[in-house]
Amino acid sequence: MSLVQPREVLERPDRPASGRVLGYLAQRRGAPERLGDTVLLQDIFAFKDEGMRDGKLLGRLEPTGLRPKFYERIQQAGLKLGPETFGYGRPR
């Protein structure tokens, strides 16, 4: 059972001066066949920069508070990811 279809979830890298990091984890919104050449992305997680130490970038992926459209499939697959994983119930 596949949780997501190919290209439904996308990695959007960032390239800060210290090197490449995963900047965003996004999902594709809308069908390209209906939008022409436009692809809409919705960020699920975004990298929060916390500074540098020993020449390395520090930080973590933070949830944006938006529930991914494949969340029901995650639950149906038996994965135990509560809504707080995606930022529900947390102050912004």
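The values are calculated or read from the model by the stated rules, or taken from the named source; none is laboratory data. As the structure is a computational prediction, the values presented were derived from the model and not from experiment. Note that each Cβ is placed from the backbone with ideal geometry, even for glycine, and that neighbours are counted across all protein chains shown.
Output the residue which, of all residues in the stretch 61-92 that are basic (Lys, Arg) and within 12 Å of the chain's Cα centre (by Cα), is nearest to Gln27 (Cα to Cα). Spell out how you get there, then give the answer.
Of the residues in the stretch 61-92, the ones basic (Lys, Arg) are 67, 69, 73, 80, 90, 92.
Subsequent filtering for residues that are within 12 Å of the chain's Cα centre (by Cα) retains 67, 69.
Working: Arg67: 10, Lys69: 8 Å.
Checked the stretch 61-92; the qualifying residue nearest to Gln27 (Cα to Cα) is Lys69.
With a cut-off of at least 2 residues that are modelled with pLDDT of 85 or more, name the strands (runs of 3 or more DSSP E) lying wholly within the stretch 1-70. Walk me through how you get there before you give the answer.
Details: elements: 9-14, 21-29, 40-53, 56-63.
Qualifying strands (runs of 3 or more DSSP E): 40-53, 56-63.
Note down all Cβ pairs under 9 Å where the first residue falls in the stretch 48-59 and is within 21 Å of Gly87 (Cβ to Cβ), the second is of a type in the set (Phe, Trp, Tyr) and surrounded by 12 or more Cβ atoms within 10 Å (Cβ to Cβ), and they're at least six residues apart or on different chains.
Going by the 9 Å Cβ cut-off, the qualifying pairs are Gly59/Phe47.
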